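Worksheet: one structure, shown below.
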Amino acid sequence: MMDFAEIERRILGAAVPTRRGDDDLNPGMRPMRDDLIPASVLIPLVQRPEGTTMLLTKRTPHMKDHAGQIAFPGGRRDPEDTDDIATALRETQEEVGIGAGSIRILGSIAPYVTRTGYAVTPFVGAVDPDIAPRPDPFEVDEIFEVPFAFLLDRANHQRHSHTINGTDRHFYAMPYGEYFIWGATAGMIVNLVDILMPRDALSPSLPPHPTQPAPAGSDPTAKTSHT
């Protein structure tokens, strides 16, 4: 397993595309708005004795948007945010109680454009393992960690589809135990894996997995907390 120094080296040395997004698996799909809303998320990595993990959140069931879904800490950029990193760090503090002083930014990956019209900049951060996260009870129902080795293994990257207004929409999914990681969250993980473990073709060439419907009433192309 690569350490944080190697992860940082690979991110900084990668030829990153100008953007990725929901249209990776849905050619010709355009965002629902032309004036994309800037947003940022943190992809938090934690070094544990048993290996590196990725920290994720499960949204509370009463939220208006994406209730109960799996997400990175993050959100839309506020006027007081000085830059995209400031947005990711502020949202991480608000949602999971981890302050900027406990996070070392290792780099950023290509902005991810969602069907709903958000341009999300993901920042990869090494989180102090001694810090105990504290979920915002209004937004975050649960904080959990997934072994990074599981997410790096492309055998765990699946492609599913869901019909929206009569059109099939394809999305990535990485089921892990009781958690169904999918949509933009899974898409950004795939993009990070493409940087850390490059191959000749980008991940959209992944063979489709047998179709599994998304949860009723949800939008698989807008899975993270900013939408």
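Just so it is clear, none of the values below were taken in a lab; they were calculated from the coordinates. The shown structure was predicted, so the numbers you read here are calculated from the model rather than taken from an experiment. Virtual Cβ from ideal backbone geometry, glycine too; neighbours counted across all protein chains shown.
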Restricting to region 68-113, and then to whatever is in a loop (DSSP other than H, G, I, E, B), without any contact (Cβ under 8 Å) to a residue 60 or more places away in the chain and crowded, with 16+ Cβ neighbours inside 10 Å, can you tell me which residue is farthest from the chain's Cα centre (by Cα)? Asp81
Only one of Pro31, Pro44, Pro17 is farther than 28 Å from Val140 by Cα and not basic (Lys, Arg). Can you tell me which? Pro17
Could you please find all residues in region 14-58 being without any contact (Cβ under 8 Å) to a residue 24 or more places away in the chain and assigned to a strand (DSSP E or B)? none
How do the strands (runs of 3 or more DSSP E) wholly within region 120-198 filter down when requiring 2 or more residues that are closer than 25 Å to Glu50 by Cβ and either in contact with a helix residue (DSSP H, G or I) (Cβ under 8 Å, 6 or more places away or on another chain) or not basic (Lys, Arg) (or both): which remain? 140-147, 167-176, 179-182
Thr18 fails exactly one of the following numbered conditions: (1) exposed (fewer than 14 other Cβ atoms within 10 Å of the Cβ); (2) of a type in the set (Val, Ile, Thr); (3) in contact with a Phe, Trp or Tyr (Cβ under 6 Å, 6 or more places away or on another chain). What is the number of that condition? (3)
Within region 4-11, is there a residue that is without any contact (Cβ under 8 Å) to a residue 60 or more places away in the chain, of a type in the set (Lys, Arg) and assigned to a helix (DSSP H, G or I)? yes
